[in-house]
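As structure tokens, the structure follows; a few thoughts come after it.
The values are calculated or read from the model by the stated rules, or taken from the named source; none is laboratory data. Note that the structure is a prediction, hence the values are computed from the model and not measured. Ideal geometry is used to build each Cβ from the backbone, glycine not excepted, and the neighbour counts take in all protein chains shown. For the accessible areas, the whole protein counts, side chains as well, though only heavy atoms, and no ligand, DNA or RNA atoms are used. Shrake-Rupley method; radii C 1.70, N 1.55, O 1.52, S 1.80 Å.
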Amino acid sequence: MNLIQNPYNRNRQSLAGDWHYIIDPYETGFYDLFGNENPFGYFRNLTPDDHWASEYNFKQSPTMKVPGDWNTQEPTLLWYEGTLWYFRELPDAEVDGGRTFLRFCAANYHSVVWVNAIEVMRHTGGFTPFETEIGSYLKPTGNFVVAKINDERLKDGVPTRNTDWWNYGGITRDVLLIKTPQSFIRDYFCQLDPENDSQIKGFVELDNGANKDVNLSIPGLGIEHLISTDSHGFGQFAIKAEPDRWSPENVALYEVRFSIDGDSIEDMIGFRIIETSGEDILLNGEPVFLRGISIHEEIIGQASRVNSEAEARRLMEEVKALGCNYARLAHYPHNDHMCRIADEMGVLLWCEIPVYWAINWQSEEVLHNARNQLSEMIVRDRNRASIILWSVANETPASEARTEFLKSLITTAKSLDPTRLTTAAMFMRPDKVEENGKVIRTYTLDDPLADHLDVLGCNQYLGWYYTKVSDIALSRWHSDKNKPLIMSEFGAGAPKGKRGGPHDRWTEDYQVTVYEAQFAMMDDIPFLRGLSPWILKDFRTPKRPLAGVQDYFNRKGIISDQGERKLAWDTVHAYYKKRSSD
Ligand code: GCB
């Protein structure tokens, strides 16, 4: 069964707040001396008074905030990767005949959860929700939840060991208790039909509701429609409708309500069509140019994970201020709030999973993990009008096994959501040719993956890695794919305040030089339909140790880690102003 759709609009209680924690790099709370399950493990919530072998006590242990990464809440945990245990009390069981589900909106990376010392769920993947029903484990009083979260980077993980971002550990998003009636509306999908744009199409899925009728109401369109469900509680619909089309310039959101006897759920949904035609991206039938920016999920003015709605809104406000109509949410699914705020503020989105660089393409288990993260992201977010692109990978080395792996993810994306486009950030093949005595660099998009995507994404760092800034003007781009291209990354690094001449590397001035040369080049790429420079804000990464310059931050942000705009912010802003009518 799918995840519960739209949990924030249900009868719910947030478990946000102070949770007790124990740092456990040796997993003493889980294993005994010989690697077997420890019978006095921390999941039992014992104390030394209960048994001599119990050398812990949650209630005397320190607390930290949930949601929140653990690295930035306690100085000794800044670079910690390993296991940490969380504990908090749960409310008393209610005898109201309803059902109770426990949902973690995300915890990085591997989670095991116990309620009253009974293991209730395990989950792998740091950025998508997981949940289970817990009502039958709850007692009249004295309930508690324990979670063991481990964020070790694994060779066969998704992502793998090597990434260019900090591996923030912990329960990074909200934890919810969701209360439902016995029979309830678990999931729904409601979008404009790409095959016939004068109808709204979708499905509804009931939990414990075989053969019931579901009422779908969209008051703004005068729609009241009965959907019959089958013996599994599943029903489809297609209804004639002419909604005002959602776009960044017209954020038309309609109240949509599904109801059955005893349960109803409301959402605000935008209706729009996204498709390609040759080298164009068409939004509601009109060509659109994507003026974007890439974003890591870090708070403006602070290097830690974004988890609140207010922090997500701050990021989107910067995106809008820059003149963007588009953002790439790199390199993993961002929190639930981002896409809802993008719906409200009018920002088109590229959403992706952490299939990044060289993961193990040969392993069925890794494929299963990647597919699971992709599915959880799509099921969570497929009612959001802002999302136009599902990206399956970032900068992956071409091989037959890699392409088969990603083709299989594309098939999953299309089957879960036929209303959006697929993409991936790829490399291009550089060649050098002589033209009138000058060395011209040609870039060809010939990754075999390109044949399977709707929109091509390309990351390139001309003027920063491998090439001089003067090479940018001597670059030519080729593609015989007849598909639109998004320049999904480019940029240059500079700490805020470091100034110099226009060709002095690591200065704000050089960052501007690279942006200006890149923009001039992009104006001449005939199949370019969008860009998302790297990156909105400097972000924490252990890969960038250069002292006094990087200090463990990737400095390609156009905003510093302290939240100050750099000179290149103005360069991007001016360019987007110029292109705002495209
Ligand atoms: C890339 C990666 C991105 C890095 C960036 C860089 O190509 O996709 O994750 O942070 O380059 O700064 O080198």
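Structure above, values below:
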| quantity | calculated |
| --- | --- |
| Projected label distance in nm at ASP96 and ASP213, using a 7 Å step from Cα toward the beta-carbon | 2.8 nm |
| Relative contact order of the chain, pairs being alpha-carbon contacts under 8 Å that are 6 or more residues apart, as % | 11 percent |
| Inverse mean reciprocal Cα-Cα distance (Kirkwood Rh) of the stretch 87-214, Å | 17.3 Å |
| Separation between Cα centres of the stretch 334-398 and the stretch 117-159, rounded to whole Å | 21 Å |
| Amide H within-cut-off set for LEU154, under 5 Å, with H built and near neighbours excluded | ARG161 |
| For the stretch 276-579, accessible area per residue (1.4 Å probe, heavy atoms of protein chains only), Å² | 34 Å² |
| The stretch 276-579 shape via C-alpha gyration tensor axes, a/c threshold 1.5 | rounded |
| Hydrodynamic radius of the stretch 184-261 per Kirkwood, over alpha carbon pairs, in Å | 13.1 Å |
| Among the listed pairs LYS496/LYS537; LYS498/LYS543; LYS201/LYS240; LYS438/LYS468; LYS59/LYS148, those beyond 18 Å (Cα-Cα) | LYS498/LYS543 |
| Rg over Rh, two decimals, the stretch 76-120 (C-alpha only, Kirkwood Rh) | 1.06 |
| Gyration tensor (alpha-carbon) shape descriptor, the stretch 227-304, a/c threshold 1.5 | oblate |
| On Cα atoms only, tilt of 364-381 relative to the major axis of the chain in degrees | 90 degrees |
| When the stretch 140-213 is reduced to its Cα atoms, the Kirkwood hydrodynamic radius in Å | 17.8 Å |
| Between helix 508-522 and the chain: long-axis angle, C-alpha atoms, 0 to 90°, nearest 10 | 70 degrees |
| For the chain, share of DSSP beta bridges that run antiparallel, in % to the nearest 5 | 75 percent |
| Stretch gain in nm, segment ASP480-LYS414, where the contour uses 0.36 nm per residue and the Cα spacing is subtracted | 21.4 nm |
| Cβ crowding within 10 Å averaged over residues, with 369-380, 224-235, 392-403 ranked highest first | 369-380, 392-403, 224-235 |
| Value of D in µm² per second that Stokes-Einstein yields for the chain, Kirkwood Rh from Cα pairs, at 10 °C (1.306 mPa s) | 63 µm²/s |
| Three-way shape label, the stretch 240-375, alpha-carbon gyration tensor, a/c 1.5 | rounded |
| Sulfur and carbon atoms: percent of accessible area, the stretch 81-157 [1.4 Å] | 48 percent |
| Cα Rg, Dmax (largest Cα-Cα span) when computed across the stretch 311-455, Å | 17.3, 55 |
| Whole-percent carbon and sulfur share, accessible surface of the stretch 447-571, 1.4 Å | 51 percent |
| Ordering of 331-340, 558-567 by packing [mean C-beta count within 10 Å, highest first] | 331-340, 558-567 |
| Evaluated over the stretch 7-180, the Cα radius of gyration and Dmax, each in Å | 16.1, 49 |
| MRE, 222 nm, helices only [DSSP H, n ≥ 4, -39500 (n - 2.57), over the chain, to nearest 500] | -5000 deg cm²/dmol |
| Residue-wise HN-Hα coupling along the stretch 85-95, computed from phi with Karplus coefficients 6.51, -1.76, 1.60 (Hz; x: Gly, Pro) | 9, 10, 9, 7, 6, 10, x, 5, 5, 9, 9 |
| Acute angle (nearest 10 degrees) that the helix 309-321 long axis makes with the longest principal axis of the chain, alpha-carbon atoms | 10 degrees |
| Centroid-to-centroid separation of the stretch 506-557 and the stretch 443-467 [C-alpha atoms, Å] | 17 Å |
